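The values are calculated or read from the model by the stated rules, or taken from the named source; none is laboratory data. Values in this document were obtained by computation on a predicted structure and should not be read as measured data. All Cβ positions, even for glycine, are placed from backbone atoms using ideal geometry, and neighbour counts span all protein chains on display. To get the accessible areas, we keep the full protein, side chains included, count just its heavy atoms, and leave off ligands, DNA and RNA. Shrake-Rupley method; radii C 1.70, N 1.55, O 1.52, S 1.80 Å.
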Amino acid sequence: MTETAPARARAEIDLAALQANVRALRAQAPTAALMAVVKSDAYGHGALPCARAALDAGATWLGTATPEEALALRAAGLPGRIMCWLWTPGGPWQAAVEADLDLGISGLWSLREAADAARASGRTARVQLKADTGLGRNGCQPADWPELVAEALRAEAEGLVRVTGLWSHFACADEPGHPSIQAQLGCFREMLAYAEGQGVRPEVRHIANSPATLTLPESHFDLVRTGIAVYGVSPGPELGTPADLGLRPVMTLSASLALVKHVPAGHGVSYGHHYVTAGDTTLGLVPVGYADGIPRHASGTGPVLVAGKWRTVAGRVAMDQFAVDLGGDEPPVGERVVLFGPGDHGEPTAEDWAQAAGTIAYEIVTRIGTRVPRVYVNTEQAG
């Protein structure tokens, strides 16, 4: 949405910042095309507006996890290459083939379902064979690679598929110097060489995610897949802050104080009374909770900025609300509370919340729920 959001809470999405991030990432991998990954509603930022902004900034591919996410982008009229990779048996293969999506293939069963869908639709399926080079999730093991490559080439000879890509994914690219990084690169090169030696002619070869795009130029190949970095979040504290990496956080999450009241010393706050006031004080009520994606694990530790001061969640985060101890200050009801943002004005960042909740910043932005409206700002600067 772009209209004024209800006062309870809002997530402002800075599309100009997103575009600046895309351009910065393109500069990091100047010889490769760039895929903007917009899975999970663009990591909670809104898939369609973010996808459009990323394309306008020079991304030439879009990536999603599920085929349903990719089909929604295509149904909205987004052009060009869209790839999806998280399939289960009986998925919408025919719809994906007819929508000209690129389909991630990790084994014989999925290749066969793609070929069947191509046969039924009378069209050629675009498939990308995924190599498991050491992550141990999706992808084809090296021992099974010759069989997958051979069957893909047979299907290609029949006109059922076109092998448009060969790809893999890193396990530890966010940990500079981890020995698995070079081991996976070596394995990927070997699996590429085998497939190409058998006659596969991919349009793109790719393994680099956000951290590899930023730190491993030897991994860029023909295409880099950038996800969290597009949204201005550092892929890992070890790599530096967003500013260190030339990125700017895109989401600012805020709410309005719903109540300010005086309470005496010794007053319990929220469920379980895990917080008890040390003296006479004022409490402020922030009307968002774990139903909105505020992590309950940040009870007692989650930071917010209220009336120019850094405060901390007092007691447990509840489903719809949490309290902060204002220490006797009396900001007006309706005062803006900033949970996280770029940090320009002293507000916490998504990384601060991640540390408070014992998780990663990816989860903080992705989990913000649908009750919180997305409000797109700086749209006139985007483009």
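Does the range 216-236 contain at least one residue that is free of Cβ contacts under 8 Å to residues at least 24 places away in the same chain, more than 24 Å from A16 (Cβ to Cβ) and either open to solvent by 10 Å² or more (accessible area, probe 1.4 Å) or under 11 Å from the mean Cα position of the chain (by Cα) (or both)?
No: the range 216-236 contains no residue that is free of Cβ contacts under 8 Å to residues at least 24 places away in the same chain, more than 24 Å from A16 (Cβ to Cβ) and either open to solvent by 10 Å² or more (accessible area, probe 1.4 Å) or under 11 Å from the mean Cα position of the chain (by Cα) (or both).
Residues A298, A291, A307, A314: which one is within 15 Å of A350 (Cα to Cα) and hydrophobic (A, V, I, L, M, F, W, C)?
When all the criteria are applied, what remains is A298.
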**Message:** One residue is enough: does the range 66-80 have a residue meeting the conditions without any contact (Cβ under 8 Å) to a residue 60 or more places away in the chain and β-branched (V, I, T)?
**Reply:** yes
**Message:** Which numbered condition in (1) among the hydroxyl-bearing types (S, T, Y); (2) open to solvent by less than 50 Å² (accessible area, probe 1.4 Å); (3) under 23 Å from G341 (Cβ atoms); (4) within 21 Å of the chain's Cα centre (by Cα) is the only one that T241 fails?
**Reply:** (2)
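Here is a check on your reading of the model: is E190 closer than 30 Å to P146 by Cβ, part of a helix (DSSP H, G or I) and open to solvent by 10 Å² or more (accessible area, probe 1.4 Å)?
So E190 fits the description; yes.
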**Asked** Within the range 6-37, how many residues are open to solvent by 30 Å² or more (accessible area, probe 1.4 Å), in a loop (DSSP other than H, G, I, E, B) and of a type outside the set (D, E, K, R)?
**Response** 4
**Prompt:** In the range 327-350, what residues are farther than 18 Å from K261 by Cα, crowded, with 16+ Cβ neighbours inside 10 Å and not aliphatic (A, V, I, L, M)?
**Reply:** F340, G341, P342, G343, E347, P348, T349
**Message:** Anything in the range 81-105 that is hydrophobic (A, V, I, L, M, F, W, C), under 14 Å from T64 (Cα atoms) and in contact with a Ser or Thr (Cβ under 6 Å, 6 or more places away or on another chain)? List them, or say none.
**Reply:** C84, L86, W87
**Asked** What's the number of the condition V324 fails, among (1) surrounded by fewer than 21 Cβ atoms within 10 Å (Cβ to Cβ); (2) in contact with a Lys or Arg (Cβ under 9 Å, 6 or more places away or on another chain); (3) more than 24 Å from V250 (Cβ to Cβ)?
**Response** (1)
**Asked** Can you find a residue in the range 155-164 that is among the basic types (K, R), open to solvent by 50 Å² or more (accessible area, probe 1.4 Å), touching a residue at least 24 places away in the same chain (Cβ under 8 Å) and not in a loop (DSSP other than H, G, I, E, B)?
**Response** yes
**The one condition in (1) farther than 15 Å from D14 by Cβ; (2) in a loop (DSSP other than H, G, I, E, B) that E363 fails to fulfil** = (2)
**Request:** Kindly indicate which of G289, G327, G315, G268 is of a type outside the set (F, W, Y), in contact with a Phe, Trp or Tyr (Cβ under 8 Å, 6 or more places away or on another chain) and on the phi > 0 side of the Ramachandran plot.
**Result:** G315
